[in-house]
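Taking it in order: structure first as structure tokens, then the write-up.
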Amino acid sequence: MSLIDAAAKVRENAHAPYSNFKVGAALTSVEGHVHLGCNVENVAYPEGTCAEAGAIASMIASGDKRIAEVAVIADSPLPVPPCGGCRQKLAEFANGDVKVTLATTRGAIFETTVAELLPGAFDAGHMEGA
Ligand code: THU
């Protein structure tokens with residue numbers, strides 16, 4: 001199964017009763033496993049979590065450390081880009097050249113990278129000497 005297909009499948013499990021906007025994310029770790037996430041909303045809206053955050057949490061909980069590739073999918077006219085917080089989360093665990101495929105259930109695909117999504121990312125290097 002392709003990474004996009006895996007993201008589309010887990011998207012169906014999203015808990016999105018408030019936005020009605022289901023998102024699925026699938027990533028391959030450098031260690032060679034696929035990890036899945038979907039958005040999990042909460043009646044206290046800020047407590048909701050994004051699909052990307054779920055996939056990253058799954059990767060870390062499994063013992064894998066680094067992201068090799070990511071796919072995100074939603075039912076939208078254009079591929080949905082990760083929110084700002086998820087861009088920072090991806091940058092924590094992925095090199096800048098890691099491919100991020102943004103897809104729609106309607107067939108559109110946009111390929112980008114972690115560095116393109118978050119140019120000038122704040123990283124540990126900025127704290128050297130602190
Ligand atoms: N959402 C994601 O899960 N990932 C994204 O990349 C964009 C937005 C979710 C958060 C919320 O549950 C819903 O989509 C509407 O913003």
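Each reported figure results from applying straightforward, stated rules to the coordinates on display, with no laboratory input. These figures come from a predicted structure and were not determined experimentally. Reconstructed Cβ throughout: ideal geometry from the backbone, glycine too, with neighbour counts over all protein chains shown.
Below is a table of values for the structure above.
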quantity: Cα-based Kirkwood hydrodynamic radius, the range 1-63, one decimal, Å; calculated: 11.7
quantity: Extended-chain gain in nm, criterion 0.36 nm per residue less alpha-carbon gap, N95 and E12; calculated: 27.0 nm
quantity: In Hz, Karplus ³J(HN,Hα) per residue of the range 64-71 (6.51, -1.76, 1.60; θ = phi - 60°; x = Gly, Pro); calculated: 6, 10, 9, 8, 9, 6, 9, 9
quantity: Cβ crowding within 10 Å averaged over residues, with 34-44, 102-112 ranked highest first; calculated: 34-44, 102-112
quantity: For the range 1-124, fraction of C-alpha pairs farther apart than 20 Å, in %; calculated: 36
quantity: Spin-label pair A115/E69, simplified geometry with 7 Å Cα→Cβ offset, distance in nm; calculated: 1.9
quantity: Amide hydrogen neighbours beyond the local backbone of V23, cut-off 5 Å, H modeled; calculated: N39
quantity: Percent of Cα-Cα distances greater than 17 Å, calculated over the range 56-130; calculated: 50
quantity: Relative contact order (%) - criterion: Cα under 8 Å, at least six apart; region: the chain; calculated: 20
quantity: Cα radius of gyration and Dmax for the range 30-77 (Å); calculated: 12.3, 36
quantity: Semi-axis lengths, Å, the range 89-130, gyration tensor of Cα atoms, sqrt of 5 times eigenvalues; calculated: 28, 8, 7
quantity: HN-Hα J in Hz across the range 112-125 - Karplus 6.51, -1.76, 1.60, θ = phi - 60°, x for Gly and Pro; calculated: 9, 10, 4, 5, 5, 6, 9, x, x, 4, 6, 9, 4, x
quantity: Cβ crowding within 10 Å averaged over residues, with 22-28, 7-13 ranked highest first; calculated: 22-28, 7-13
quantity: Cα centroid separation, the range 94-113 to the range 1-15 (Å); calculated: 14
quantity: Amide H contacts of A94 (H built 1.01 Å from N, under 5 Å, at least 5 apart or other chain); calculated: I67
